[in-house]
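The values are calculated or read from the model by the stated rules, or taken from the named source; none is laboratory data. In this text the structure is predicted, and so the values were computed from the model without any measurement. Don't worry about glycine lacking a Cβ; one is built from the backbone with ideal geometry, like all the others, and counts go over all protein chains shown. All accessible areas refer to the heavy atoms of the entire protein, side chains included, with ligands and DNA or RNA removed. Shrake-Rupley method; radii C 1.70, N 1.55, O 1.52, S 1.80 Å.
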Amino acid sequence: MIKFNLIMTLRYFFVSIFFILTYFYSSAQITGKIAGYVKDSKTDQPIQGAIISVEGTGLGTSTDENGHFKIDQVPTRSHTVKASFIGYVTQYKFDIIVTSGNTYMLEFRLDEAGKQLKEVKVVASPFKRTAETPLSVQTLSRQEIISYPGGNNDIAKVVQSLPGVSGSVGFRNDIIIRGGAPNENVYYLDGIEIPNINHFATQGSSGGPVGMINVTFIEDVSLTTGAFNARHDNPLSGVLQFKQRNGSSERTQGNFRIGASEAALTFEGPLSKKKPNTTYIVSVRRSYLQFIFKAIGLPFLPSYWDYQYKVNHKINDKNELTLIGLGSIDDFTYNPPSRKKDETDEDWFSRVSIYDRIPIFTQWTTTAGINWKHRLKNGYFNFALSTNFLNNEATKNDSNDASKPLILRYRSQEKENKLRFELVKFVRQWRFSYGANLIHSSYTNSTFNRLQSMPLVEVNYTGGIDFFRYGLFGQVTNTTGKLSSSLGMRTDGNTFTNDGGDLLKRISPRVSFSYVLADKWTINASAGRYYKMAPYTVLGFKNNSGNFVNRNAGYIRSDQVNAGIEFVPFKATRLTVEGFYKFYSNYPVSNRDSISLANLGGDFGVVGNEDITSIGKGKAYGVEVCFQQKFVKNFYGILAYTFYFSQFTGFNTSDYIPSAWDNRHLLTFTGGYKFKRNWEAGVRYRFLGKAPYTPIDTLASRLNYGVRGTGIPDYSKVNSARIGVYSVMDVRIDKKWNFKKYALDIYLDVQNVLRNIQPSPPEFVMTRNALNQIVTIDGQPYNGSNGLPYIIKKPASGTSIPTIGVIMEF
């Protein structure tokens, strides 16, 4: 006891000394730096003589012949930075947090002001939108992502605060947009398509529990939920674009971050101080989630590594090369459960049930790409080459005992090599763009799966596919006075499916309009038809006879209409109201379960590895309201509400059934306030309406528990029940210290601070005795089908999850 008290006394002593010293140093006149470039938004040419000013400080400078600027002696706090030049629209960057550890790199891309009266001051909106996509687009800055409560620097979680985005409940961060399935979204990293942004990804879908992208790299993130540009292939619900910043051209610098589940190390700088035309930024991350899960007694232990890099090389004024990369290594192992003292039957049975049903799996992914941008007299072209690879393996034996019969063995690889070309030309008020993409796709799969035990049904095949995908696209845009309009067209084909070569069958037109009603009011509208190819897991599936049974899988089609109004009362404030309607056709329907694959993708494993028919229909429609305030007067926030319906059919195409994503009501608020001495507090609140689920077939579940290890849904009653509402509040408090050569940020993040009980569907498990043996209905030894069922109807309690994180810049 005396030893314990001495240790605690010493701990408090050193903590006190630490805070006294940090207060002393943070009170000194320590400053930071801001640097960057100013370019023409159309031609990408540097703008010489642009004026850069840090509002409220009197600090400023002008750009040199390369468009470069640098401002020293900037106070270490949050700032608004302004860029202006004659003939261009003035642009503001909000919430630029200057520290003593890193030089803050900025890039301004200024739009031409056009024919404006001299006395009229033209200011660019911080809310990005284009004539091609005038609505259904939201943008988040780097700082908004970093300081997001409950997000753990995970971009996929942050996006869930935007209008129309519901996300999954629990350990996953699927991005579910306007009632569409998670695999209806596409992702781009600096213009290079990446197939997935999550660790432990659900193959055939796009979700997972932890994001891969390091927020340190991000300049901003744009989410488009409608009016998709013709250059993007395969989006039905969303296009998520990550714009990475270039590494610092000023000096070598970096940061080290410890969060809720991982540690990350990042370095950046110029390759040569004498010629800073080549910059780099690189990071590596390692999880310690497995130690946390083991400490709290969860029956599975996930661990991962990931890496990310970007190299930018300015060859000359007209040519620029960018090399990017992203990859991960994921492992998933068992932690055999043991009953805790005073643990309830429901909690104990639930943990054992998880252990019974999960396989051991490993996964690794990599994406690499290079982009060449060449500037023309009145435009530019982009030429991009990229490759991505996924290796996914899963194994499960009966009772997770390697000496017992094999239940699942899954080995799969996906590989894509991509080429994309786009030419953009500007002629007065017109913008013309056109291009093409070519993809070489290969997919291999070796599957053994015992689906049932009575009677025995097995899937056992090995196969692969190798084919090409291709697309053509073009878009023309005009802005004349108050009216902007855009017309786009694309078509896609492939060499594998039966009708893949019929390009006329997949003509995909889209049109959008934007009209300025008054100084602060704008109305926007769009309509379009979009196509998405079935996942490789569907196309590559073989039956036990070795035949590809899904070669006739058609492209999913979605016809969409969007309309809305935008009100911008102040330079950093926006209110939008939008309505949307999406109609789907040719959606894959499972021949085994007779349900639309639109309901799948929100769980671990594989989606689409089965026989399907492209016959399903669907519709999703609703209205969104969003109020967004960029950082002004120490406050920032987003308040969004969505009311919508999401319904899909099975084989009966006149029977529309609520989908798994039909929450009806989505309400989110995220906001923060910055106090003096670099203190900041943030809060996030999310409310999701009652989500549908399919009841459990108790008899079939009992008879097949030895194989499945979980309940079997009764698909004759698909999505006929609903769980309770989801209501969670997260809070975060940050404190930053600035020393002479480095900066420190320590934060406390508490998820579910109100300890609200989180809903989940009833869970099918087996009754266990004190020796962890399954109790049987007939008193005989358990044989895989005679267990005594037990239904867990709801979780026992809500849990708060506090996290202390540290970010050090140097």
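Some notes on this structure:
- Checking each residue in segment 654-670 for being in contact with a strand residue (DSSP E or B) (Cβ under 9 Å, 6 or more places away or on another chain) and outside any strand (DSSP E or B) picks out 654, 656, 659, 660, 661, 662, 663, 664.
- Residue count for segment 483-527 under the criterion of being within 27 Å of residue 470 (Cα to Cα), touching a strand residue (DSSP E or B) at 6+ places or on another chain (Cβ under 6 Å) and hydrophobic (A, V, I, L, M, F, W, C): the result is 7.
- Flag if residue 645 is closer than 23 Å to residue 601 by Cβ and open to solvent by 20 Å² or more (accessible area, probe 1.4 Å): yes
- Selection count, segment 605-635, where residues are open to solvent by 10 Å² or more (accessible area, probe 1.4 Å), at negative phi and in contact with a Lys or Arg (Cβ under 6 Å, 6 or more places away or on another chain): 1
- Residues of segment 220-267 that are under 19 Å from residue 177 (Cβ atoms) and of a type in the set (A, V, I, L, M): 221, 223, 227, 236, 239, 240.
- Candidate set: segment 280-296, residues that are at pLDDT 85 or above and touching a strand residue (DSSP E or B) at 6+ places or on another chain (Cβ under 6 Å); chosen: the one surrounded by the fewest Cβ atoms within 10 Å (Cβ to Cβ): 286
- Taken over segment 297-312, the criterion of being at pLDDT 80 or above and either among the hydroxyl-bearing types (Ser, Thr, Tyr) or surrounded by fewer than 16 Cβ atoms within 10 Å (Cβ to Cβ) (or both) is satisfied by 303, 304, 307, 309.
Listed here are the residues, each with its yes/no results for (1) assigned to a loop (DSSP other than H, G, I, E, B); (2) modelled with pLDDT of 90 or more.
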{"position": "4", "(1), (2)": "no, no"}
{"position": "10", "(1), (2)": "no, no"}
{"position": "16", "(1), (2)": "no, no"}
{"position": "49", "(1), (2)": "yes, yes"}
{"position": "64", "(1), (2)": "yes, yes"}
{"position": "69", "(1), (2)": "no, yes"}
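- Applying a threshold of 6 Å to beta carbon distances and a minimum spacing of six or more residues, or different chains, the list of pairs starting in segment 288-300 at a residue that is within 21 Å of residue 343 (Cα to Cα) and ending at one that is open to solvent by less than 30 Å² (accessible area, probe 1.4 Å) and of a type in the set (Lys, Arg) reads 299/351.
- Total residues in segment 168-196, condition crowded, with 24+ Cβ neighbours inside 10 Å and hydrophobic (A, V, I, L, M, F, W, C): 6
- Single residue of segment 491-504 satisfying the filter (out of contact with any Gly (no Cβ under 6 Å at 6 or more places or on another chain), touching a residue at least 24 places away in the same chain (Cβ under 8 Å) and not aromatic (Phe, Trp, Tyr)) that is surrounded by the most Cβ atoms within 10 Å (Cβ to Cβ): 497
- Residue list for segment 671-693, filter: part of a loop (DSSP other than H, G, I, E, B) and either more than 20 Å from residue 625 (Cβ to Cβ) or in contact (Cβ under 8 Å) with a residue 60 or more places away in the chain (or both): 675, 690, 691
- Residue list for segment 288-340, restricted to those being touching a helix residue (DSSP H, G or I) at 6+ places or on another chain (Cβ under 8 Å), in a loop (DSSP other than H, G, I, E, B) and of a type outside the set (A, V, I, L, M): 297, 299, 335, 336, 337, 339, 340
- When segment 719-754 is filtered for residues that are within 30 Å of residue 664 (Cα to Cα), polar (S, T, N, Q) and either open to solvent by less than 30 Å² (accessible area, probe 1.4 Å) or free of Cβ contacts under 8 Å to residues at least 24 places away in the same chain (or both), the ones remaining, listed by number, are 719, 727, 752.
- Whichever residue in segment 630-683 is among the basic types (Lys, Arg) and modelled with pLDDT under 95 and, among such residues, is farthest from residue 582 (Cα to Cα): 677
- Here the condition is being modelled with pLDDT of 95 or more, open to solvent by 60 Å² or more (accessible area, probe 1.4 Å) and either within 30 Å of the chain's Cα centre (by Cα) or over 30 Å from residue 446 (Cα atoms) (or both); of 487, 517, it holds for 487 alone.
- In segment 258-278 there is at least one residue that is open to solvent by less than 70 Å² (accessible area, probe 1.4 Å), farther than 30 Å from residue 707 by Cβ, in a strand (DSSP E or B) and in contact with a Pro (Cβ under 7 Å, 6 or more places away or on another chain).
- So residue 523, is it free of Cβ contacts under 8 Å to residues at least 24 places away in the same chain and surrounded by fewer than 22 Cβ atoms within 10 Å (Cβ to Cβ): no
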